[in-house]
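Comments concern the structure below.
The values are calculated or read from the model by the stated rules, or taken from the named source; none is laboratory data. Fair warning: this is a prediction, and the values are worked out from it, not measured in the lab. Ideal geometry is used to build each Cβ from the backbone, glycine not excepted, and the neighbour counts take in all protein chains shown. Side chains are part of the model used for accessible areas, which takes the heavy atoms of the whole protein and leaves out ligands, DNA and RNA. Shrake-Rupley method; radii C 1.70, N 1.55, O 1.52, S 1.80 Å.
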Amino acid sequence: MNRTRSRTFTADQACAAAVEPARAAAEEIARPGEVGEHLGFQAEGERVVTHYFACLDRAYRGWRWAITVTRASRARNVTISETVLLPGAGALLPPAWVPWSERLLPGDLGVGDLLPTSDDDDRLAPGFTETDDDADRQMIFEYGLGRARVLSAIGRDRAVHRWHAGDSGPHTPLAHAAPAQCSTCGFYWPLAGALRLGFGVCANEYAPDDGKVVAADHGCGAHSEAAVIAPPSAEQPMPILDDLGYDLMPEESVPAAGSVDDEGAEPLGHS
């Protein structure tokens with residue numbers, strides 16, 4: 001195995017000693033008072049040295065001025081080769097650049113905006129790869145005018161995962177509180193093709209997902225077969241008779257009205 005060797009250079013004495021010329025070059029490109037103390041130097045090549053100075057600009061904390069000096073072979077004079085502002089350890093840096101295609105979020109596309117797709121987009125496949133019945137009928141109806149590209153298996157799987165895990169899937173509070181799934185609702189219109197068994201479109205104007213793709217196991221309170229709870233009845237229930245507060249007596253043991261007992265007591269019902 002061949003290993004790459006990094007060549008180390010010895011700092012040229014004349015270039016290493018050119019601190020003041022390097023500072024003067026930094027002050028020419030910086031605003032007054034923004035060039036700080038000398039932070040050292042580094043040999044970049046044969047008779048090439050870079051001097052570093054602290055940057056005092058509050059907007060560039062942790063940055064440093066890098067001034068590269070050099071001299072020609074057998075020459076005594078040191079000249080300025082390059083001046084630049086470079087970040088140092090702990091410098092405040094902007095976030096890493098992200099391509100626009102990765103920064104784009106749902107809802108960012110506005111009126112008049114165009115969103116082109118690349119030729120190697122793995123979500124799309126050539127149109128001739130679609131061979132289901134719907135595609136054959138379309139090709140017959142539009143002879144020679146079929147779509148150039150169609151949804152690939154990767155694009156379909158991403159859409160299925162996105163729809164099933166989104167707000168129109170089964171894992172939402174709305175679906176958990178629903179009386180039944182969308183697959184049993186009369187307003188559920190199944191999609192055509194391979195996604196027919198798992199997804200459809202809600203056609204209930206009062207549902208929160210009207211006109212949107214919903215999962216078959218999604219649900220909401222606007223289900224067509226939602227049971228109507230009957231209002232409470234106005235009739236009062238029968239009172240409960242408490243037979244523990246008094247003793248029951250047989251009917252024959254009660255004396256008749258106007259009769260006198262053996263001891264000559266007054267008839268019942270008179271004072």
For Val201, other-chain or 5+-apart residues with amide H closer than 5 Å (H placed, Pro excluded) are Trp189, Leu191, Val214
With θ taken as phi - 60° and the coefficients 6.51, -1.76 and 1.60, list the Karplus ³J(HN,Hα) couplings across the range 162-167 in order, rounded to whole Hz; mark glycine and proline as x. 5, 5, 6, 8, x, 5
³J(HN,Hα) across the range 54-71 via Karplus (A = 6.51, B = -1.76, C = 1.60, θ = phi - 60°), whole Hz, x for Gly/Pro? 5, 9, 9, 6, 5, 7, 10, 5, x, 8, 8, 7, 10, 10, 9, 10, 7, 9
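In what order, largest first, do Asp121, Asp217, Asp108 sit by accessible area if the probe radius is 1.4 Å? Provide the component values of the computation, followed by the final result.
Working: Asp121 25, Asp217 55, Asp108 80 Å².
Putting Asp121, Asp217, Asp108 in descending order of accessible area: Asp108, Asp217, Asp121.
Restricting attention to the range 1-110, which chymotrypsin sites (Phe, Trp or Tyr not before Pro) occupy a DSSP loop and are surrounded by at most 16 other Cβ atoms within 10 Å? List each step's numbers first, then the result.
On the way: sites: Phe9, Phe41, Tyr52, Phe53, Tyr60, Trp63, Trp65, Trp97, Trp100; in loops: Phe9, Trp97.
Hits after loop and neighbour filter: Phe9, Trp97.
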Quick one: which residues, 5+ away or cross-chain, put their amide H under 5 Å from the amide H of Leu56? H built at 1.01 Å from N. Val35, Gly36
Cleavage-rule hits (GluC sites (Glu not before Pro)) in the range 31-76: DSSP loop, at most 12 neighbouring Cβ within 10 angstrom: Glu46
Can you work out ³J(HN,Hα) from phi for every residue in the range 29-44, in order, using Karplus 6.51 cos²θ - 1.76 cosθ + 1.60 and θ = phi - 60°, giving whole Hz and x for Gly and Pro? 9, 9, 7, x, x, 9, 9, x, 5, 6, 9, x, 9, 9, 6, 9
